[in-house]
Amino acid sequence: MRILVLSDIHSNYTALETVLKDAGAVDAIWCLGDLVGYGPDPNLVVETIRQQPSLLCLKGNHDAAVSSEMGLDTFNGDARISLLWQRRMLTAENLEFLRPLPSLLKLEKVTLSHGSPRDPLWEYILNTFTARISFEFFETPLCFVGHSHIQSAYLQDPNTHSITPVILRPGQAQSLREGRWILNPGSVGQPRDRDPRAAYALFDPEALTWEPRRVAYDVAEVQERIRKLGLPIKHALRLAEGW
Ligand code: ZN
């Protein structure tokens, strides 16, 4: 069984389309949120995700911001400019899809959260310190998160309960049978680990494996559309650098 786990698409349809093609046939898609924000294609991305069969979809902080009356003060200037533009551009149907989405879901073996299980909309798991706290906020053996835009893995030792960051190589499946794990598939539409390729993961709930993946997409084409729309140039430049 193959489940495509993806997150932080951020209105980058070109990256999303490339990931869907690269993943091939899957049995389900689990999207960990932030469909919108930053990029040029908010409607196309929400429509594409909405149409996926066997979809579980979470709401990220950007999705919450565009689909509610939430003030945008917590976002930096450029992120806020994009969010205001997207609030105007998104169709009523797409906003209605985003609004009721949960930001945390508990399945039998996996907890899904956009940020962290302690603070699903806002907290970043970027280091062992935050990972250690996060392990106390879910009961399942596995927790999948997004939000940091960094493909990463943290393992809690079954005996000592110590937490170790684990470096997983793209394209290599990691067994999840030992210990408890927090896993981040990385970001489809705006990676921030200095690798501009779109990031995602394949999860096999029967074999209990996790395979992080990277795939190159046409970054220049997305940059060009961001420029033409007059959206902040920073959001175009960072795509080529992967930050
Ligand atoms: Zn994000």
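The values are calculated or read from the model by the stated rules, or taken from the named source; none is laboratory data. This structure is a prediction, so every number in the text was calculated from the model and none was measured. Virtual Cβ from ideal backbone geometry, glycine too; neighbours counted across all protein chains shown.
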**Complete:** Residues in the range 1-15 that are touching a Leu at 6+ places or on another chain (Cβ under 9 Å) and assigned to a loop (DSSP other than H, G, I, E, B) total 7
**Prompt:** Exactly one of (1) of a type in the set (S, T, N, Q); (2) assigned to a helix (DSSP H, G or I); (3) modelled with pLDDT under 95 is unmet by T18. Its number?
**Reply:** (3)
**Complete:** Contact list, first residue from the range 156-167 and within 16 Å of E139 (Cα to Cα), second anywhere and assigned to a loop (DSSP other than H, G, I, E, B), beta-carbon distance below 6 Å, six or more apart or interchain, is Q156/G179; D157/G179; P158/G179
**Request:** Please enumerate the residues belonging to the range 143-156 that are over 16 Å from the mean Cα position of the chain (by Cα) and not hydroxyl-bearing (S, T, Y).
**Result:** L155, Q156
**Prompt:** Does T160 satisfy the condition of being surrounded by fewer than 18 Cβ atoms within 10 Å (Cβ to Cβ), in contact with a strand residue (DSSP E or B) (Cβ under 7 Å, 6 or more places away or on another chain) and more than 21 Å from F75 (Cβ to Cβ)?
**Reply:** no
**Fill in**
Subset of the range 82-104, residues surrounded by fewer than 18 Cβ atoms within 10 Å (Cβ to Cβ) and within 23 Å of Q156 (Cβ to Cβ), comes to none
**Request:** Pull up the range 27-40, narrow it to residues that are touching a helix residue (DSSP H, G or I) at 6+ places or on another chain (Cβ under 9 Å) and touching a residue at least 60 places away in the same chain (Cβ under 8 Å), then point me to the one that is surrounded by the most Cβ atoms within 10 Å (Cβ to Cβ).
**Result:** L35
**Message:** Whether any residue in the range 62-78 is more than 27 Å from G230 (Cβ to Cβ), away from the ligand (no atom under 14 Å from the Cβ) and part of a helix (DSSP H, G or I) is what I want to check.
**Reply:** no
